Amino acid sequence: MKNPNGHEIIQLFEQFSPKGLAMEGDKIGLQIGRLNKKVDRVMIALDVLEHVIDEAIEKNVQLIIAHHPIIYRPLKNLLTDSTQGKMIEKLIKHDIAVYAAHTNLDVAKGGVNDLLAEALGLEDPEVLVPTYEVKLKKLVVFVPSSHAEEIRQVLGNIGAGYIGNYSHCSFSANGTGRFLPGEQTNPYVGKPGRLEEVEEVKVETIVPEPLLKKAITALIKAHPYEEVAYDVYPIENKGEVLGLGRIGKVSEMTLAEFAEKVKTSLGVSSVRVIGDLSFKVKKVAVLGGDGNKYFMNAKFKGADVYVTGDIYYHTAHDAMMEGLNMIDPGHNVEKIMKIGLTKILQKMCQEAGYSVDVFPSEENTDPFQFV
């Protein structure tokens, strides 16, 4: 097992939650510290507050991956006798890097909104607010027939060849490859200086653009030739649509019963509810964080109830007039990402052969108490 540096861990993480998924202007990425150092302890946090930083210091953490950016508004100064300045000073003195994944983690498959939808038991969830369409590429490679099946499996196993609910999709055609090895070569087939003809297979498949680099790397590693012949083409096929929020079906229950389910599933003691508590709920929309401006998306897509945080007074009135029920469990329910992301990054590090301890912050960062 390899002890990775911070760059290697973040490169893994960004395969799951690419920066390109973030909303325009979002404050994401490395915010404090450096990544060019060995990292053996990573803490996953919702917020980076002073008691969370103290926890990281106590647990010898080198990298915090947080959902909410520690620096969201531009700093006019950095005074170490101010609260924020003191926090940043602590992080720098203890060489703790802070990396923020905000709306890109909301949008990502398996990210915040998928975790919330899963917790609430949404069936066949779909994107509520489309924000991003994955571009597709056609990857074509020429390989001796003895290695064609291995190449198809390698590409399929990393996520190439997905068409709808079908995986490992590819097309193959037999042909003849010709090449003249140079004098300094060590060809898998043939001899230097002699023109060679080889029965080869042309294998082609679709690759999501975010996976293209990984696919080519895996392809070259599995291919027997010194020089691998492959082509990459842009295609106009419609890729997967990603976005904010999720909407899906639930077993029928009253709004009051569903509100209790929200409390239990998301670990909160109380929720705010807008609507008739006896209303029968069948279709649910959920959007982590502050989802006020998207309540009409939920209405247009046929949601019986919209679950989101920080609901404004006048938004509640507008929803009532539109006949849309709403449940506000608070912004802090996004804490679900701590355990969810820990499991995902742990698995990715294990598969990459990285020796690193990934764990969730145990500190509570909800500023609200109900009395």
- Query: Put +1 on the Cβ of each Lys and Arg and -1 on the Cβ of each Asp and Glu in the stretch 319-359; which of 337, 348, 325 then has its Cα farthest toward the positive end of the dipole?
  - Reply: 348
- Task: Pop a pseudo-label 7 angstrom from the Cα along the beta-carbon direction at both residue 34 and residue 109 and give the gap in nm to one decimal.
- Result: 3.7
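If one computes P(r) from the Cα atoms of the stretch 250-339, what percent of pairs lie at distances over 18 Å?
Value for the stretch 250-339 (Cα pairs over 18 Å): 37 percent.
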- Message: Can you compute the modelled spin-label distance between residue 191 and residue 253, with each label point 7 Å from Cα toward Cβ, in nm?
- Response: 7.7
- Separation of the residue 79 and residue 232 label points, Cα + 7 Å toward Cβ, nm: 4.9
- Write down the percent of antiparallel bridges among all DSSP beta bridges whose residues are both part of the stretch 32-187, to the nearest 5. 20
- What is the P(r) of the chain, as percent of Cα-Cα pairs per 20 Å bin from 0? 25, 47, 24, 5, 0
- Note on the structure: In whole percent, the fraction of accessible protein surface over the stretch 1-112 that belongs to carbon or sulfur atoms, probe radius 1.4 Å, stands at 50
- Among 32, 44, 360, whose Cα lies farthest out toward the positive end of the dipole of the chain, if unit charges sit on the beta carbon of Lys, Arg (+1) and Asp, Glu (-1)? 32
- Note on the structure: Relative contact order in percent for the stretch 83-208 (Cα pairs under 8 Å, 6+ apart) equals 26
- Message: So, for the chain, what is the accessible surface per residue at a probe of 1.4 Å, expressed in square angstrom?
- Response: 52
- Message: Just to make sure I understand: if all protein chains stay in place, what is the order of 86, 135, 59 by accessible area at 1.4 Å, largest first?
- Response: 135, 86, 59
- Query: Which whole-number percent is the relative contact order of the chain (Cα, under 8 Å, 6+ apart)?
  - Reply: 21
- Query: Using +1 on the beta carbon of Lys and Arg, -1 on that of Asp and Glu, and nothing else charged, what's the dipole of the stretch 37-101 about the Cα centre, debye to 20?
  - Reply: 240
- Largest to smallest principal axis extent of the C-alpha atoms in the stretch 1-91, angstrom: 42, 35, 21
- Task: Grab every C-alpha pair in the stretch 25-137, bin the distances at 10 angstrom width from 0 up to the longest one, and report whole percents.
- Result: 13, 38, 28, 17, 4, 0
- Item | Debye, to nearest 20: dipole size of the chain, +1 on Lys, Arg Cβ, -1 on Asp, Glu Cβ | 340
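Name the helices (complete DSSP H segments) of the chain with a Cα length along the long axis of 24 Å or more and a Kyte-Doolittle mean of at least -1.0, or state none.
Working: long enough: 336-352 (25 Å, 0.35).
Span-like helices, by this rule, are 336-352.
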- First obtain the Kirkwood hydrodynamic radius of the stretch 94-239 from its Cα pairs, then insert it into the Stokes-Einstein equation at 25 °C and 0.890 mPa s, and state the resulting D in µm² per second as a whole number. 135
- If r is the Cβ-Cβ distance from residue 280 to residue 150 and R0 is 51 Å, what FRET efficiency results, to the nearest 0.05? 0.40
- Message: For a Förster distance of 30 Å, can you work out the FRET efficiency between the beta-carbons of residue 133 and residue 157, rounded to the nearest 0.05?
- Response: 0.80
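Counting pairs of alpha carbon atoms under 8 Å apart in space and at least six apart in sequence, what relative contact order in percent does the stretch 140-251 give?
33
Please give the contour-minus-distance gain from residue 362 to residue 179: 0.36 nm per residue of separation, less the Cα-Cα distance, rounded to one decimal in nm.
59.9 nm
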- Share of carbon and sulfur in the accessible heavy-atom surface of the stretch 196-353 [1.4 Å probe, %]: 53
- In the Gaussian network model of the chain, springs joining C-alpha atoms below 10 Å, which of 25, 175, 159 carries the largest mean-square fluctuation? 25
- Query: When the chain is treated as a GNM, springs tying every alpha-carbon pair under 10 Å, which of 163, 339, 70 comes out with the largest mean-square fluctuation?
  - Reply: 163
- Out of the stretch 307-371, which GluC sites (Glu not before Pro) are coil in DSSP terms and have no more than 11 other C-beta atoms within 10 Å? 362
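The values are calculated or read from the model by the stated rules, or taken from the named source; none is laboratory data. Because the structure is predicted, anything quoted here is derived from the model rather than measured. Backbone-built Cβ (ideal geometry, glycine too); neighbour counts: all protein chains shown. For the accessible areas, the whole protein counts, side chains as well, though only heavy atoms, and no ligand, DNA or RNA atoms are used. Shrake-Rupley method; radii C 1.70, N 1.55, O 1.52, S 1.80 Å.
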